[in-house]
Amino acid sequence: LQKPISAVVLDNMRLALLCVFKVVLLVSTGRIGDAEEGGLKEGKGSAACPVKLRPSAHCEEEEDCPYQVTLPPLTIQMPKKFKMLEKTMKELHSLRQTVNKLKSSCLECKQQADQILQKDSSEGPGPDPTSNEQGNKSQQSTSIHDMQIKLNKMSSSLKNARKEINSLQGRIEELSLLNMKNVEAMVDKKVKNLTGVVSSLDSKCSSACPVITSPQFIIAPRDCSDYNVLEEKKNGVYKVTPDPKNGTFDVYCDMESFGGGWTVIQHRFNGSVSFNRTWAEYKNGFGAVQGEFWLGNDKIHLLTKAKDMILRIELEDFEGVREYAKYEQFYVSNEYLRYRLSVSGYSGTAGDALHFSKNYNHDQKFFTTPDKDNDMYPSGNCGAYYGSGWWFDACMSANLNGKYYHKKYKGIRNGIFWGTWPTLSDEHPSSYRQVFKTVKMMIRPKKYAP
Ligand SMILES: [Ca+2]
């Protein structure tokens, strides 16, 4: 009959442990020599112990000798749990192997990566022929390479763009500078031209003007006094050009009376021409310059504008009394200013009827005609009332364009009137009005030397 395996195993283990314990004990107590001599003295009881301890060779007393332990073959039965341990050990081993593999592959990877980097840095852009063998790695490297190429391209294009921008900026600066310079130059030129023109005009005006005026006297007489300079001494009709821009017209020149050179602007002596006229007629003039006439407000304006004029008024009544009124200044403004009268500097024998009083003053009055009321009379038209065109105040102390009466008359004083006539004081309110046979208004330059 055999013992169960477990029991046998246990017995063996016990025996083995016992043997080992014996050996250890012997060695530690130094009694191995004894054991050598007598072998294992307890051998009788332990003759079954298969463990043998003896020197490996013959050895002297004092020598240190190597010992040899002989153990019988040992079979140990492990419990089931040990199988689990074994399994775990195996798994651990396999795990270690995988880890090692991974490590090695990682190393390879690193080496390859280093190689690629070295190649890229050394070879620069361009496909790597050796990488064709290496599948994915080559693909990766080519894609990286493409990326790098793209990056390089982009950086180069960026550099170009920057260069272009810089050059453009430079150009813009140059252009703006050029423009500014051009503008400055243009302005300078224009200023120079202007100064040139101004200086030339200045020199012309300061030197040449008197030279120009003297031949004009000869070529185009501005009024009758210019004919007197040419030693034309006969009364008559002459052409005058007071303002070249406004044409030439006929005037009657009195070249004999009071030094001559007189341009007649109004004349009445027989009543053949009516002076009850419109604004337009007074503007353009009416009658004939050889006969009775009004020269015209526009022409009077031009004549009195061309030169400083004096006015001489000649009056004669039917009794043969002749008087005159002379004004050192006489000017009639243009139509726009309603032919306003400027008259001053009286001298003479007829009295200053144009400046009769504060309430009757014809100086600085506008021209009024029956169809145009510019007078100072608020509730009516003096021109219409007196049938005349004149520089009415409100209304008058003189009216040389009144009706021509051949003899004394009664009623409205609408005849030719001069309020300072010497014999007028004899006139009674209910009696006849003063009448005039001849009236003459004529002008001559203030600076006239007969
Ligand atoms: Ca009025």
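What to note about this one:
- Filtering segment 342-360 to residues that are within 16 Å of the ligand (Cβ to nearest atom) and surrounded by 14 or more Cβ atoms within 10 Å (Cβ to Cβ) leaves only TYR360.
Okay, residues lined up against (1) within 24 Å of LEU354 (Cα to Cα); (2) touching a strand residue (DSSP E or B) at 6+ places or on another chain (Cβ under 9 Å); (3) buried (at least 19 other Cβ atoms within 10 Å of the Cβ):
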{"site": "ASN235", "(1), (2), (3)": "no, yes, no"}
{"site": "PRO244", "(1), (2), (3)": "no, no, no"}
{"site": "MET255", "(1), (2), (3)": "no, yes, yes"}
{"site": "VAL264", "(1), (2), (3)": "yes, yes, yes"}
{"site": "GLY287", "(1), (2), (3)": "no, yes, yes"}
{"site": "TRP294", "(1), (2), (3)": "yes, yes, yes"}
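- Residue pairs whose Cβ atoms lie under 8 Å apart, sitting 6 or more positions apart in sequence or on different chains, and linking a residue in segment 391-415 that is among the aliphatic types (A, V, I, L, M) to a partner that is at pLDDT below 95, are ALA394/ASN359.
- Any hit, segment 393-415, residues being within 16 Å of the ligand (Cβ to nearest atom) and either under 60 Å from the mean Cα position of the chain (by Cα) or of a type in the set (Asp, Glu) (or both): yes
- Of the residues making up segment 320-341, those that are free of Cβ contacts under 8 Å to residues at least 12 places away in the same chain and surrounded by 17 or more Cβ atoms within 10 Å (Cβ to Cβ) number 0.
- In segment 378-388, of all residues being in contact with a strand residue (DSSP E or B) (Cβ under 9 Å, 6 or more places away or on another chain) and open to solvent by 30 Å² or more (accessible area, probe 1.4 Å), the one that is farthest from the ligand (Cβ to nearest atom) corresponds to TYR386.
- For segment 389-410, residues that are open to solvent by less than 60 Å² (accessible area, probe 1.4 Å) and not in a strand (DSSP E or B) total 13.
- Sole exception among (1) part of a helix (DSSP H, G or I); (2) crowded, with 17+ Cβ neighbours inside 10 Å for SER425, by number: (2)
- Filtered residues of segment 366-377 (kept if within 11 Å of the ligand (Cβ to nearest atom), open to solvent by 30 Å² or more (accessible area, probe 1.4 Å) and under 22 Å from ASP298 (Cβ atoms)): PHE366, LYS372, ASP373
- Selection over segment 233-253 of residues that are within 18 Å of MET309 (Cβ to Cβ) and of a type in the set (S, T, N, Q) gives a count of 2.
The values are calculated or read from the model by the stated rules, or taken from the named source; none is laboratory data. These numbers come from a predicted model, not from an experiment. For neighbour counting, all protein chains shown are included, and Cβ atoms are generated from backbone atoms with ideal geometry for every residue, glycine included. Protein only, heavy atoms only, side chains kept; ligands, DNA and RNA dropped before computing areas. Shrake-Rupley method; radii C 1.70, N 1.55, O 1.52, S 1.80 Å.
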